[in-house]
Amino acid sequence: MARSETGKQDAAQEPVRRNRPEAVGRTNTLAGQAFARAGFSDPTLVLRWADIVGPDVARVAEPYRLSEGPSGGILTLRAEPAASLFLQHQTRMLAERINAFLGRPAVAKLRFVSGALADRPEPRRLRPRLPDVAPGDPATAFAGSDNLKTALLNLARARRTGD
């Protein structure tokens, strides 16, 4: 950090610290610049895309650029080649959902560009629920600490799935 002649740090360069998470485009200046170059002044449209349009559409399309046109905003979506035709039939519904999420009529038109989508990580799979412990299992009669009893019961459940 640069120091002024009085020896104090310049207030313009000191980062604002908060005790809560924020969107990546608001806190990281590089990410904010990347979103701004693509026309997204608010990164939540990109970051919450699956919540806005639903998982089916989010699987085949993603926002690419938002630009202002003479008749309103134009949102360019990168879509898989086979999905572009399908999505063109849902243009009005998609624009309404996006505008409802943003709270203003920001998107008047959708444009589709064919291309490969960014790789998304696989969703975490939950472990299958273990069966109940057999009534005659010795782990149920343990009279020690609660932590050890919980561990013994989990072991008994896992052992029962191997039967």
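The values are calculated or read from the model by the stated rules, or taken from the named source; none is laboratory data. Just so it is clear, the structure is predicted and the values come from calculations on it, not from any experiment. Cβ: placed from backbone, ideal geometry, glycine included. Neighbour counts: every protein chain shown.
Within the range 42-49, does at least one residue satisfy the condition of being surrounded by 14 or more Cβ atoms within 10 Å (Cβ to Cβ), in a helix (DSSP H, G or I) and out of contact with any strand residue (DSSP E or B) (no Cβ under 9 Å at 6 or more places or on another chain)? Even if it seems obvious, please write down each step before you answer.
To start, the set of residues in the range 42-49 that are surrounded by 14 or more Cβ atoms within 10 Å (Cβ to Cβ) comprises 42-47, 49.
Add one more test, that the residue is in a helix (DSSP H, G or I), and what stays is 44-47, 49.
Right, trim to out of contact with any strand residue (DSSP E or B) (no Cβ under 9 Å at 6 or more places or on another chain) and you get 44, 47.
Yes, that holds for at least one residue.
From the list A58, A83, A139, pick out the single residue that is in a helix (DSSP H, G or I), buried (at least 16 other Cβ atoms within 10 Å of the Cβ) and assigned by TED's automatic domain parsing to the domain that holds A151. Even if it seems obvious, please write down each step before you answer.
Details: A58 fails: assigned by TED's automatic domain parsing to the domain that holds A151; A83 fails: assigned by TED's automatic domain parsing to the domain that holds A151.
A139 is the lone residue from the list that is in a helix (DSSP H, G or I), buried (at least 16 other Cβ atoms within 10 Å of the Cβ) and assigned by TED's automatic domain parsing to the domain that holds A151.
Going through R127, R111, R104 one at a time, which residue ends up being basic (K, R) and either surrounded by 10 or more Cβ atoms within 10 Å (Cβ to Cβ) or in a strand (DSSP E or B) (or both)? Spell out the reasoning first.
Values: R127 fails: either surrounded by 10 or more Cβ atoms within 10 Å (Cβ to Cβ) or in a strand (DSSP E or B) (or both); R104 fails: either surrounded by 10 or more Cβ atoms within 10 Å (Cβ to Cβ) or in a strand (DSSP E or B) (or both).
Being basic (K, R) and either surrounded by 10 or more Cβ atoms within 10 Å (Cβ to Cβ) or in a strand (DSSP E or B) (or both) holds for just one of R127, R111, R104, which is R111.
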